[in-house]
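The values are calculated or read from the model by the stated rules, or taken from the named source; none is laboratory data. Note that this is a predicted model, so its numbers are computed, not measured. Virtual Cβ from ideal backbone geometry, glycine too; neighbours counted across all protein chains shown.
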Amino acid sequence: MHMALSMLLNSLTLISILLIVSMGLAIIFGLMNIINLAHGEFVTIGAFTLVAVQAHGGSFWLGLVVAPVVGYVFGLVLERLLISRVAKNPLHAILVTWGLSLLIQQVLQLTFGPEPQRVTGPFSGSMSLGDFQYPAYRIFLVAFSFAAFAIVTVALRKSRFGLDLRASIQSAEMSSVMGVDPNRTNARAFALGAALASVAGVLIAPLTAVTAFMGVNYLARSFFVVLVGGAGSIGGVAAGSTIIGGLETVLTYQIPPTVAQASVLAVAIIILRFRPRGILPA
Amino acid sequence: MTQALNSSSPARIVTKVRPRGLRPVTIVSLVVMAAISAMSLFVDGYTLSSYRDVLLLALFALSLDIFWGRTGILSFGHATFFGLGAYGMAVTTIRFGIDPAWASLAGLAVGVGGAAVVAAIVGFFILYGGVRGAYFTIVTLALTIIANQIAVGWSEVTGGDSGLIGVPPFAAFGLSFDDPVYGFYLAFGFLAIFLFLSLWILGGRTGLVLAAIRDDEIKARTLGYRTQFILLATFVISAAIAGLAGAVYATGSGFVAPDLIAILLSTEVIVWVAVGGSGTLIGPVIGTIVVWQLQDRISSINYAAWPVAIGLFFILLVLVFPDGLPAYVVRLAQKLRGAMGRQS
């Protein structure tokens, strides 16, 4: 019983982390169709923002507020300077964002040093469900992620920006005739994706070693979440995160973690063979 | 980088596939390989053995070019196959206690076979599943991440982070390639065989079929070509050559470590091919030699300088030379010639 409960809660932790990282990617890759191999570095930037905030005496909560702002501004500048020039050609986008990811890793490593950074979470205790104990921070993480996912999903459906974005993706030409500036919309959407990844970085930071290379762990997984779930659909992100995150956690109970991660990606490749457009295609 | 065929002259009816005489690329290849073969006369043992490694990396770059240059699909996971070759060789020769006379050949078979089998399985699932273009790149990227995790995590077999030491020098049929000069010519021989073989095969009908698939796969399939099978076969052959390069590389250096099966190596091989010009086959060989010299200098300044240089290179490559470096140089030369012509 306890084993099942902890397996469930551990799965939910990983699923909710993947949910937020992949939601950013679902906007950049799924909706805008830009292959962004620097997405993992947006996660890293979020985590290092928290490190910097806490080094200056700020709290976790301040970091959680500052990180999306940093991610948003960074994404906005990046989109204007580089991404908008290569968005039309997938191969160019791959090479530019990969180059960028190498640069960001080295700059962070030079600035903060190679040793893993320590951050402190907001809660140290654990919550008890009956006689079962579980870290309070992880329960907060799950609740926060699901709330954030719900807010972004509703915002993309109902807000003016969401409408502009969906319109300019369907036809940039037609929507610009209707008064939607596609350049501005694209820049804001890319920045939103980067901001979401930064939030995920803050949430992950207390659970893991913060290094300049931590983003790579989430890059392949989040792409698979989007591909397996169905590129272009936000609902697919939930389905993809559940499959990838859930399977990985359950397998970790049986086999070594590295083999578990490998088998999950292998399963994802097999799913793509039979459902090339994902489980919940747009 | 972008496929030059789109802009080439309108389709002609090709009656004779193979042009008479030697093509310019063949002549360049002959000259370059002749120059390399004379190298052992001028440099000493230590430098020669580092050039042996460079030639094997050039073979690795050639293997990527056979797939990426000809099909237009970028594989971000070629280090997986190079690494499988290297680890196949190391594990077979170190762990199994095979008779030394046959150990190298057994290791070669395991390494090349392993790379080919993994490529066939992964390629079957994704190429037959219709995964193409950028999606293919992401899946192969993930493949390298998986392979690296296994190389680090499965330490009983792979030695984990520290790798395996003690791979014996390549030996077969009573010949040992322990001596630097022999080792150099072993690498040279493999490179020459696969370079000229691929120039010959891809210069003919097979090359045209691949170009047709690259330009319009559906059209090529309508004309009766089994495009999925052809792509899969090209991928497997390319992976097998990468595995061969890795296996021989392991016998040369004597050890394997997880950085032979890492993303950075997958990235570097793309740089080598892109610098030399993808699709030219000899270009990647030249590119590897040039970039390797450069890497040697840059890395000696600072360990972190090399990834930064690659990162900047990718960004420059796309923004300044979107058709690849050679095309840029050619265009620059034409512009200069035009300017000189006007002056005189």
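Listing for the model above:
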quantity: Boolean, B:Ser104 is surrounded by fewer than 21 Cβ atoms within 10 Å (Cβ to Cβ) and either within 14 Å of chain A (Cβ to nearest Cβ) or not hydrophobic (A, V, I, L, M, F, W, C) (or both); calculated: no
quantity: Residue check for A:Gly40: farther than 26 Å from B:Phe321 by Cβ, within 11 Å of chain B (Cβ to nearest Cβ) and within 21 Å of the chain's Cα centre (by Cα); calculated: yes
quantity: Qualifying positions in the range B:82-97 - surrounded by fewer than 24 Cβ atoms within 10 Å (Cβ to Cβ) and either closer than 18 Å to B:Asp178 by Cβ or within 14 Å of chain A (Cβ to nearest Cβ) (or both); calculated: B:Ile94
quantity: Number of the condition not met by B:Ser278 [criteria: (1) touching a Ser or Thr at 6+ places or on another chain (Cβ under 6 Å); (2) buried (at least 23 other Cβ atoms within 10 Å of the Cβ)]; calculated: (1)
quantity: Those helices (runs of 4 or more DSSP H) lying entirely in the range B:260-344 with at least 2 residues at pLDDT 85 or above and either over 19 Å from the mean Cα position of the chain (by Cα) or within 29 Å of B:Tyr87 (Cα to Cα) (or both); calculated: B:263-276, B:282-301, B:305-319
quantity: Some residue of the range A:69-88 being closer than 30 Å to B:Gly133 by Cβ and of a type in the set (Ser, Thr, Tyr); calculated: yes
quantity: Among the candidates A:Val119, A:Val142, residue that is outside any helix (DSSP H, G or I), in contact (Cβ under 8 Å) with a residue 24 or more places away in the chain and either within 14 Å of chain B (Cβ to nearest Cβ) or of a type in the set (A, V, I, L, M) (or both); calculated: A:Val119
quantity: Residue among A:Leu91, A:Leu95, A:Leu81, A:Leu103 that is part of a helix (DSSP H, G or I), without any contact (Cβ under 8 Å) to a residue 60 or more places away in the chain and more than 8 Å from every other protein chain (Cβ to nearest Cβ); calculated: A:Leu81
quantity: Hey, B:Phe136 closer than 29 Å to A:Pro257 by Cβ and not hydroxyl-bearing (Ser, Thr, Tyr) or not; calculated: yes
quantity: Matching option when the condition is of a type in the set (Val, Ile, Thr), under 23 Å from B:Ile150 (Cα atoms) and either at pLDDT 85 or above or within 15 Å of the chain's Cα centre (by Cα) (or both), among A:Ile270, A:Ile234, A:Ile243, A:Ile255; calculated: A:Ile243
quantity: Residue within the range A:84-93 that is surrounded by fewer than 23 Cβ atoms within 10 Å (Cβ to Cβ), farther than 24 Å from A:Gly230 by Cα and touching a helix residue (DSSP H, G or I) at 6+ places or on another chain (Cβ under 6 Å) present; calculated: no
quantity: Some residue of the range A:45-67 being within 13 Å of the chain's Cα centre (by Cα), part of a helix (DSSP H, G or I) and among the β-branched types (Val, Ile, Thr); calculated: yes
quantity: One residue from A:Phe213, A:Phe190, A:Phe224 being within 14 Å of chain B (Cβ to nearest Cβ), under 18 Å from A:His39 (Cα atoms) and not in a loop (DSSP other than H, G, I, E, B); calculated: A:Phe224
quantity: Long-range neighbours under 7 Å by Cβ, at least six apart or interchain, first residue within 24 Å of A:Val267 (Cα to Cα) and without any contact (Cβ under 8 Å) to a residue 60 or more places away in the chain within the range B:99-126, second of a type in the set (A, V, I, L, M, F, W, C) and surrounded by fewer than 15 Cβ atoms within 10 Å (Cβ to Cβ); calculated: B:Phe125/A:Ile270
quantity: Filtered residue count, the range B:109-143, keeping only those that are more than 7 Å from every other protein chain (Cβ to nearest Cβ) and under 17 Å from B:Ala242 (Cα atoms); calculated: 16
quantity: Qualifying residue in the range B:226-242 (condition: over 23 Å from B:Leu202 (Cβ atoms) and either modelled with pLDDT of 85 or more or among the charged types (D, E, K, R) (or both)); calculated: no
quantity: Residue in the range B:176-185 that is assigned to a helix (DSSP H, G or I) and within 14 Å of chain A (Cβ to nearest Cβ) present; calculated: no
